[in-house]
Amino acid sequence: MLPENKLKALLDLISSASKEELVWMSGYLEGVIRGSAAAPAPQVASNAAVPAVNKITILYGTETGNSKKLAAEFAAKAKQNKIVAKVVAMDQYKLTDLAKEEYLLAVVSTHGDGEPPAAAKNFYDHIHLNGFKLEKLKYSVLALGDTSYPLFCKTGEDVDLQLNKLGGSRIAPIQKCDVDYDEDAAKWFDAVLKTLTAPAVAPKAPAGTTVLPAVPGVKKTGKQNYTGAVTAHVNLNDRGSNKTTWHIELEAEGLQYQCGDSIGIVPENDSQLVTDIIATANVDGNKSLEYKKEKATIYELLKRKINVIHLTERLVQHYATVTGHTIPAGRADLLDLLKQYPIKSRAQFDEILVGLNAMSPRLYTIASSPAAHDGEVHIIVAKDVYEVKGRERFGLCSDYLGKLAKGKKQNFFIQPNKRFRLPAEDKDIIMVGPGTGIAAFRSFLAERDATGASGKNWLFFGEQHFVSDFLYQTEIQNWHSTGVLSKVSLAFSRDQQEKIYVQHRMKEHAAELYQWLEGGASFFVCGKKDPMSHDVEKTLLQIIQEQGKKTEAEAKHYLEQMEEQGRYEKDVY
């Protein structure tokens, strides 16, 4: 039996360790027991066979859908061989990722007079540009075509030759397929698999060395600050939508986070708004002022440090007290106050400013995966639009982020969320994420896809219209076709006369949903707190009560137990 102090230290270590770290500790202790009392430092060396490749990317460029079908089939076979396969359409592929790829399969058809399909055009043009090398790339190409055309499989041939010219090495020779492609395609992929699954034997450890597994990298804890560059800025809504939802990607050195974490961004006030405030107040923006023990120019304070819009009732009354005006109760912007209730001196302006609140960070649930998006963090931002006294206004941070240009540097921090974590890779999960709530579950699914997790995944997603508001439609469809998503339930509220939300889809699948819960599945909710998360929880309790034949009190106890076990988690705002 361990002494109390040692037992406490051991339990503290175990409770804070990841699954990989626990596996390492187990191996280390076994080595100590089998070796000597004073075990040597861990050695990475091992004579055990390890798989040569554990992750590949499969790109497809298609006109009729055949390339997509084959890519999905190959991904399924790869996963059966313990190789994680990411499937991406060439027109959805982030071209800057090509330089990072190590193992790549390209399945591409030829269209018309030797031309690439429209969906493959950007990828095709990109690899024919000069100025970059792909020296670590290992690849192979499956070319689809029709021998009745003179330039049979020309696009595939071009892709194969160009990737080789850029420095790539072939895993297997190009395979050209006619319209009856099934047999040839299967032979090609078998040849590729043979190379990918050939075991690589690590060097033997020196005699007398205790062989132990390598310790995994330990992630930092607490808030981490970064400066990153904006590499993508895309409106996810199509024409005709009532909404604007941006997908934003940032790249940063040394980036570390986990699925479920959030990114924190401190917005800046609009430059024109700052200029208008200074002009209306008739002050010199270059003059310095001390604000919360920090000295800066008035312009800098107004631009980056002080919140000047939608001031609380308390701050409006602070303005009234300083200026001597009688101002009705309610919220207001600083510029409107200055116009309606002018200040009398620079001293009054300074007193007003130092009494205002500092700009606070806004948190956005991360929409990317460390395993799938190395060195990147992605977020989803819905443009906040509201009215004040008949005037259209925009949310400060959503408006700021919506105007970010590609290449711009942006400071941000990672806010860990230890209560919202993926369970073990073999555990099933149910995800309810309408609207921007899809962010957390894009992260979860990308992670499970990249790591080859075996647990089943069921997604409930909802928005207003299928055609214009199906966020990440292509990715969700790909995950479903490759088996990463076991089940998808969609609710588009305004595509029919009666409004249908995610909780209605939950009711439709009540029996199956309860079976998943009984089988140990975890239930996650991400998105708007009110009313969405309340409606979802109410529906979940009804399902537990009805399907489990429980009383209302028993259903509540069931859900409380799930929460205690970490199987019912919410990230709502």
* Do we have ARG391 as out of contact with any Pro (no Cβ under 9 Å at 6 or more places or on another chain), of a type outside the set (A, V, I, L, M, F, W, C), over 28 Å from ASP333 (Cα atoms) and at pLDDT below 90 here? -> no
* Asked: Can you name every residue in the range 47-83 that is modelled with pLDDT under 85 and within 17 Å of ALA446 (Cβ to Cβ)?
  -> ASN54, LYS79
* Scan the range 276-314 for residues that are out of contact with any Phe, Trp or Tyr (no Cβ under 8 Å at 6 or more places or on another chain) and under 13 Å from LEU338 (Cα atoms) and jot them down. => ASP276, ILE277, ALA279, THR280, ASN282, VAL308, ILE309
* To do: Show the residue pairs that are 6+ apart or on different chains and have beta-carbon atoms under 7 Å apart, the first residue being within the range 84-97 and closer than 21 Å to GLY131 by Cα and at pLDDT 85 or above, the second being buried (at least 18 other Cβ atoms within 10 Å of the Cβ) and among the aromatic types (Phe, Trp, Tyr).
  => MET90/TYR60; MET90/PHE123; TYR93/PHE123; LEU95/PHE123
* To do: Mind telling me which of the residues SER454, SER443 ends up being of a type in the set (Gly, Ala, Ser) and within 27 Å of MET90 (Cβ to Cβ)?
  => SER443
* Long-range neighbours under 9 Å by Cβ, at least six apart or interchain, first residue in contact (Cβ under 8 Å) with a residue 60 or more places away in the chain within the range 318-339, second assigned to a helix (DSSP H, G or I) and of a type in the set (Gly, Ala, Ser) -> LEU338/ALA281
* Asked: Is there a residue being in a helix (DSSP H, G or I) and not β-branched (Val, Ile, Thr) anywhere in the range 59-66?
  -> yes
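State yes or no: is LEU335 surrounded by fewer than 18 Cβ atoms within 10 Å (Cβ to Cβ), under 39 Å from the mean Cα position of the chain (by Cα) and assigned to a helix (DSSP H, G or I)?
yes
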* **Lone qualifier among GLY168, GLY156 - being modelled with pLDDT of 90 or more, buried (at least 19 other Cβ atoms within 10 Å of the Cβ) and over 25 Å from GLU63 (Cα atoms)** => GLY168
* Any chance the range 541-555 includes a residue that's of a type in the set (Val, Ile, Thr), touching a strand residue (DSSP E or B) at 6+ places or on another chain (Cβ under 9 Å), at negative phi and touching a residue at least 24 places away in the same chain (Cβ under 8 Å)? -> no
* Asked: How many residues are without any contact (Cβ under 8 Å) to a residue 40 or more places away in the chain and either among the basic types (Lys, Arg) or closer than 15 Å to LYS243 by Cα (or both) when one looks only at the range 464-489?
  -> 3
* Asked: Since ALA120 meets every condition but one in (1) at pLDDT 90 or above; (2) farther than 30 Å from ASP426 by Cα; (3) surrounded by fewer than 23 Cβ atoms within 10 Å (Cβ to Cβ), which condition does it not meet?
  -> (3)
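The values are calculated or read from the model by the stated rules, or taken from the named source; none is laboratory data. A quick note: this is a predicted structure, and the numbers were derived from the prediction, not measured. In this analysis, Cβ positions are derived from the backbone assuming ideal geometry, glycine residues included, and neighbour counts consider all displayed protein chains.
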